[in-house]
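Here's the structure, in structure tokens; my notes come after.
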Amino acid sequence: MSKKERLTKCPLCKSGLFLNHTQLKDHSISKEVFLVCQCSNCQLLFTNPRPKESEIQYYYESEDYISHKDQSNNLINTLYKQVRKITLKKKLELVNAQHSEKRRILDIGAGTGHFLETASKGGWKTYGIEPNQEARIILKKKGIKTYNNLQEIKKGKKFTVITLFHVLEHIHELRKTAKKIYKLLEDSGTLIIAVPNKDSFDAAHYNEYWAAWDVPRHLYHFNKESITYFAEEFDFKIVDTVPMYFDSYYVSILSEKYIKTSKSPLKNLLSGVYNGLKSNHWAKKNGNNYSSLLFILKKK
């Protein structure tokens with residue numbers, strides 16, 4: 001099993017004051033149990049100890065990890081791909097609403113490039129950051145300019161829009177990455193971050209079986225307060241918060257697979273859909289705490 005690193009300071013605010021919060025199992029791949037701590041200062045939850053950056057790839061080695069592959073190989077991924085067609089259109093609409101002039105867009109954690117393909121067809125010049133070799137090969141075949149990491153981008157290059165769709169929670173060097181993003185973003189540019197919300201109904205309902213914990217691939221576990229702290233810490237301001245309605249269904253269906261409420265796959269599927277619906281209904285009445293939230297940020 002891969003080597004672990006133990007953090008002595010909060011990866012967001014650098015406070016040395018944090019407490020053990022809970023233990024969570026990697027239901028997806030390794031079946032290992034990981035400790036999650038909570039910072040007493042900024043309230044961020046973070047996996048600690050965690051796999052080293054040089055060793056984390058082991059925990060992505062699964063046929064079910066769809067962001068690094070283009071094929072569908074089970075029902076959940078097939079449904080995911082059908083919904084993705086709708087969400088890609090919505091994401092581009094959000095981007096276009098921020099900028100009438102379409103220049104350069106950088107997608108960090110580009111996967112196999114579905115969003116960048118959509119943006120390119122919409123008139124944007126597209127760039128991607130993707131550490132996974134298999135996914136990078138697919139990106140290059142699609143003609144997308146691809147970097148292995150942020151450090152490969154030439155000094156002085158700027159982007160109109162930088163996106164991290166369910167990626168911020170995967171980044172080891174959180175503070176260093178945030179500072180680099182600030183430098184890469186045009187002064188009038190837009191930073192878009194989407195993360196799972198630990199304060200959602202489905203998170204509470206499924207508890208340790210909530211699929212969006214996804215330890216150890218998810219190094220951090222955000223809510224609206226910790227994203228607000230992130231924005232202020234790195235001189236951004238949140239200008240809008242947008243629900244990601246479909247995520248509650250996907251996460252709930254996957255959580256049902258882990259918890260195995262029923263021996264019937266169909267019953268688990270229907271239960272996941274029902275709880276996804278309940279989650280969205282609850283969120284509407286409870287501070288818009290949807291399963292996943294998309295934050296639109298600007299430089300201060």
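Taking springs between alpha-carbon atoms closer than 10 angstrom, which of Lys142, Lys85, Lys155 fluctuates most in the Gaussian network model of the chain?
Maximum among the listed residues: Lys155.
Assuming R0 = 25 Å, what is the FRET efficiency of Asn20 and Glu173, from their Cβ-Cβ distance, to the nearest 0.05?
0.60
Can you tell me the FRET efficiency between Lys145 and Glu208 if r is taken as the Cβ-Cβ distance and R0 is 30 Å, rounded to the nearest 0.05?
Working from the Cβ atoms, E equals 0.15.
Assigning unit charges at the beta carbon (Lys, Arg +1; Asp, Glu -1) and nothing else, what dipole magnitude in debye, to the nearest 20, does region 118-196 show about its Cα centre?
That gives region 118-196 a dipole magnitude of about 380 debye.
Taking the Cα atoms of region 210-274, what is the range of coordinates along each of the three principal axes, in descending order and whole Å?
Computed over region 210-274, the largest-to-smallest principal extents equal 49, 25, 14 Å.
What's the FRET efficiency of Glu134 with Lys154 using the Cβ-Cβ distance as r and R₀ = 22 Å, to the nearest 0.05?
Values: r = 26 Å, r/R0 = 1.16.
Step by step, r from the Cβ atoms, then E = 0.30.
Which net charge results for the neighbourhood of Ile129, defined as the other residues with beta-carbon distances under 9 angstrom from its beta-carbon, given Lys and Arg at +1 and Asp and Glu at -1?
Details: positive: none; negative: Asp107, Glu130, Glu152.
Residues close to Ile129 contribute a combined charge of -3.
So for the pair Lys102, Lys81, with labels modelled 7 Å out along Cα→Cβ, what separation do we get in nm?
So the two model labels end up 2.5 nm from each other.
Could you give the dipole magnitude of region 246-292 about its Cα centre, charging the beta-carbon of Lys and Arg +1 and that of Asp and Glu -1, in debye to the nearest 20? Present the calculation step by step, with values, prior to reporting the outcome.
Details: 7 positive and 2 negative charges, 34 e Å.
About 160 debye.
For the peptides 104-116, 38-50, what is the packing order when you average, over each peptide's residues, the other Cβ atoms within 10 Å and list the highest mean first?
Ranked by mean Cβ neighbours within 10 Å, highest first: 104-116, 38-50.
Considering every pair of different Cα atoms, what Kirkwood radius, in Å, is found for the chain?
On the way: mean 1/r = 0.0508 Å⁻¹.
About 19.7 Å, per the Kirkwood formula over Cα pairs.
If a paramagnetic tag sat 7 Å from the Cα of Ser120 along the Cα-Cβ line, which residues of region 132-153 would have the backbone N under 20 Å from that point?
132-150, 153
Would you work out the relative contact order for region 139-205, in percent, from Cα pairs under 8 angstrom that are 6 or more residues apart?
Value for region 139-205: 36 percent.
Each value in this text was obtained by applying a stated rule to the coordinates, not by laboratory testing. Owing to the predicted nature of the structure, the values given are computational and were not obtained by experimental measurement. Note that we place each Cβ from the backbone using ideal geometry, even for glycine, and neighbour counts take in every protein chain shown.
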